[in-house]
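Q: Here you go, one structure.
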Amino acid sequence: MRTLIFIILLGLTQPLLGNNNPDSLLLKIDKRNQTLLGGNQDTKKTLREELEKVFQSKGLVLTDSLWQNIRTVIKTDSEGDSSLSVQIGNSKVKIGVIKSDAPRQKTFKMSYPSDEKKINVTNDSLGKSLVIHSDGKEEVRVGWNGIHVKDGKEEVHVDWNGVQVKEANGEETKVIWGRDSTKVHPKEKNLNLFQRKGMNLYLGLNGLSGTMPEQVVAIYPAPFLATDSELKPTSSRYVSLEFARSATIARGKKSAFKLGYGISFDWYNFMFDHNRVVNKTATATNFQPILDAQGKETLLNKNKLTVSYITLPIMPHFAFSKQSAIQMLGIGGYVSYRLDSWTKTVEEKSEDLVRTNANFNLTQVRFGLKAEVALRHFPDLFFNYDLTPLFEKGNGPQLTGFSFGIKLL
């Protein structure tokens with residue numbers, strides 16, 4: 001266990017080194033002009049820049065110490081050709097320094113004196129891990145991309161996503177813990193955009209717009225009064241539970257255009273500010289008071305009409321970074337189907353509660369417009385407006401419902 005901890009700490013604290021390449025690299029340098037012989041020469045580049053370009057093409061790094069060694073060989077007073085051999089990982093770099101009067105196409109044999117300097121760099125081919133041990137058959141690599149152990153044809157790799165095991169027969173087994181980070185879209189990850197998805201809870205107030213029908217015949221109790229649509233503002237509440245998803249339509253550098261969709265369950269609670277109750281007759285829906293034995297109107301503490309719906313919302317929206325003041329802005333619509341409806345009254349004196357379930361000639365299918373805005377350090381805001389009347393046309397007052405409030409979760 002101590003050995004494993006040492007390997008992990010060593011891999012995390014040591015700098016990640018350059019790539020290696022198993023092929024040998026042979027280079028020739030003109031000693032007098034200090035230029036690289038062979039290939040496409042760029043007269044605008046210095047010798048070091050040319051060497052760096054060749055090294056990079058082989059996945060190697062020209063370090064300062066190696067460059068100083070090359071400079072030392074070039075500056076020697078030797079009359080003949082000189083050479084330098086450098087070991088970088090599994091790659092052997094051979095550098096020959098040729099006198100300027102020597103033919104450029106001359107071939108030569110390089111010698112490697114026993115006292116020459118060697119640079120040993122041990123790293124993986126991708127430059128992302130430190131190779132702790134490698135002899136061809138066995139290898140241990142540790143780095144930011146995980147721990148990799150190879151024993152012959154068997155390999156085990158452990159990283160942030162899980163464990164991957166490769167058997168000698170080629171069979172692979174993967175164990176993923178948590179979310180697989182390799183499946184996260186890199187642009188989404190970098191942008192850190194607002195996400196309209198998951199379970200959302202809408203809390204707010206609702207109201208009614210429109211006017212009550214004018215009375216032509218004076219009868220008591222009147223089927224409609226101008227005040228029948230008046231509500232208690234803070235007691236008329238709207239509740240919705242939504243399960244939302246979104247799909248990306250287009251994406252920019254700092255924003256994205258998405259299509260939100262899902263399913264929700266909505267409740268309109270209309271708390272009336274009078275003693276006249278929604279009543280369904282054989283011909284239409286009207287408002288009527290509750291009369292006692294003496295024919296007097298009963299005073300009510302609570303007079304409510306509740307309507308529940310199942311809704312399919314469609315919300316095209318612009319998503320911005322979570323660090324923006326405005327994180328999301330959307331305008332869309334919805335289609336709903338009425339699930340249930342009832343009235344609930346509580347008498348003031350007796351506190352008797354009466355609940356009546358009926359359809360009250362309510363519109364069975366409704367549709368409307370919806371707007372949402374998500375703000376940083378503040379709850380999301382919403383506004384809904386029905387385009388269909390609350391009651392069926394010709395069977396009740398032509399009133400339209402709306403709601404507004406905040407979105408939680």
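The values are calculated or read from the model by the stated rules, or taken from the named source; none is laboratory data. None of these values were measured; they are calculated from a predicted model. No Cβ is skipped: glycine too gets one built from the backbone with ideal geometry, and neighbour counts run over all protein chains shown. Areas reflect the complete protein model, heavy atoms only, side chains present, ligands, DNA and RNA absent. Shrake-Rupley method; radii C 1.70, N 1.55, O 1.52, S 1.80 Å.
Q: Calculate one ³J(HN,Hα) per residue across segment 26-34 by plugging θ = phi - 60° into the Karplus curve 6.51 cos²θ - 1.76 cosθ + 1.60, and present them in order as whole Hz with x for glycine and proline.
A: 3J(HN,Hα) across segment 26-34, in whole Hz: 10, 10, 10, 10, 6, 5, 6, 7, 6.
Q: When all alpha-carbon pairs of segment 285-409 are counted, what percent fall beyond 27 Å?
A: Percent of Cα pairs beyond 27 Å in segment 285-409: 40.
Q: Same structure again: If amide H atoms are built 1.01 Å from N in the plane of the peptide, which residues on other chains or at least 5 residues away come under 5 Å of the amide H of Phe391?
A: Thr363, Leu399
Q: Taking only pairs that are 8 or more places apart or on different chains, how many Lys pairs in segment 182-328 have Cα atoms under 14 angstrom apart?
A: Lysine pair count for segment 182-328: 10.
Q: Quick one: what are the phi-derived ³J(HN,Hα) couplings along segment 299-305, Karplus 6.51/-1.76/1.60 with θ = phi - 60°, whole Hz, x for glycine and proline?
A: Residue by residue, segment 299-305 yields 7, 10, 7, 9, 9, 10, 10 Hz.
Q: With θ set to phi - 60°, apply the Karplus curve 6.51 cos²θ - 1.76 cosθ + 1.60 along segment 312-323 and write out the HN-Hα couplings as whole Hz, x wherever there is a Gly or Pro.
A: Coupling constants for segment 312-323: 10, x, 10, 10, x, 8, 9, 9, 10, 4, 5, 8 Hz.
Q: Under a 5 Å amide H to amide H cut-off, with H placed in plane at 1.01 Å, what residues pair with Lys28 once short-range neighbours are removed?
A: Long-range HN contacts for Lys28: Leu37, Gly96.
Q: If you roll a 1.4 Å probe over segment 236-322 with all protein chains in place, what percent of the accessible area is carbon or sulfur?
A: 59
Q: Can you tell me the accessible area per residue over segment 321-386, all protein chains present, probe 1.4 angstrom, in square angstrom?
A: With the other protein chains kept in place, segment 321-386 gives 54 Å² per residue.
Q: A further question on this structure: Can you compute the modelled spin-label distance between Lys349 and Ser308, with each label point 7 Å from Cα toward Cβ, in nm?
A: About 3.4 nm separates the two model spin labels.
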